[in-house]
Amino acid sequence: MARTLKLEIVTPDRKLLSEEVEYVAAPGIEGEFGVLPNHIAFLSALGVGSLYYKKDGRRYYVFVAGGFAEVGQNKVSVLAEVAERAEEIDLERAKKAMERAKQRLQEQVDREAYARAKASLAKALHRMRCRECAVQAGTCNM
């Protein structure tokens, strides 16, 4: 029985990751799901949040927003609209994006603009949380 599975994370711009890992947890649109080696095949749409994987007993974090995860044959393929390793996240940029989104939410705007601002706020908050989790896990330096 396999002890690892292949994790691949791809965005429209690049192949972010391709590694053998022990476990993967990702934010599905219906909630977080976890995958161990020899998991049954399935497909899930991704929400916004932190994907993490375990390798050599340590947790590594990746911010993802939108896309799909496909599980099958000891492989997790993530096709994400946006994905960033925790160490790539610019905290100052995320904080500024959060402030802009909060300001837009307070303004009188139409439904579409409100929804975009709310999505921007969620992405900024999840980016900051992803970076913080990686720092706490010791897999990301500040």
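Nothing in this text is a laboratory measurement; each read-out follows from the coordinates by a stated rule. Only a predicted model underlies this, so the values are computations on that prediction, with no experimental measurement involved. So basically every Cβ, Gly included, is an ideal-geometry build from the backbone, and we count neighbours across all protein chains shown.
For every other residue with a beta carbon closer than 9 angstrom to the beta carbon of residue 94, add +1 if it is Lys or Arg and -1 if Asp or Glu, then tell me the sum. Show your work: numbers first, answer last.
Values: positive: 93, 95, 96, 123, 127, 131; negative: 90, 92.
Local charge sum for residue 94: +4.
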Worksheet item: What do you get when you divide the Cα radius of gyration of the chain by 2.2 N^0.38 Å, with N the number of residues?
Response: 1.11
Practice prompt. Compute the signed sum of charges (Lys and Arg +1, Asp and Glu -1) over the other residues within less than 9 Å, Cβ to Cβ, of residue 64.
Written response: -2
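For segment 89-137, how big is the tail of P(r) above 18 Å, as a whole percent of Cα pairs?
Numbers: 392 of 1176 pairs.
That fraction is 33 percent.
For 24, 109, 48, what ranking results if the residue with the fewest other Cβ atoms within 10 Å of its Cβ goes first? Write down the numbers at each step before the final one.
Working: 24 23, 109 13, 48 18.
Fewest-to-most Cβ neighbours within 10 Å comes out as 109, 48, 24.
Per residue of the chain, what 222 nm ellipticity follows from adding -39500 (n - 2.57) for every DSSP H run with n ≥ 4, rounded to the nearest 500? Intermediate results must be reported in sequence, preceding the final value.
Details: 2 runs with 43 residues, N = 142.
The helix-only estimate for the chain comes to -10500 deg cm²/dmol at 222 nm.
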Item to complete: Quick one: which residues, 5+ away or cross-chain, put their amide H under 5 Å from the amide H of residue 89? H built at 1.01 Å from N.
Response: none
Worksheet item: Using a simple charge model, +1 on the beta-carbon of Lys and Arg, -1 on the beta-carbon of Asp and Glu, nothing else, what dipole does the chain show about its Cα centre, in debye to the nearest 20?
Response: 280
Worksheet item: Using the Karplus equation 6.51 cos²θ - 1.76 cosθ + 1.60 (θ = phi - 60°), what ³J(HN,Hα) coupling, rounded to whole Hz, does each residue of segment 46-63 give in order, writing x for Gly and Pro?
Response: 9, x, 9, x, 9, 8, 10, 9, 10, 9, 6, x, 10, 8, 10, 10, 9, 7
Fill in: 17 Å Cα-Cα reach of residue 15 towards aspartates and glutamates, excluding residues that sit fewer than 8 places from it in its own chain
70, 81, 84, 87, 88
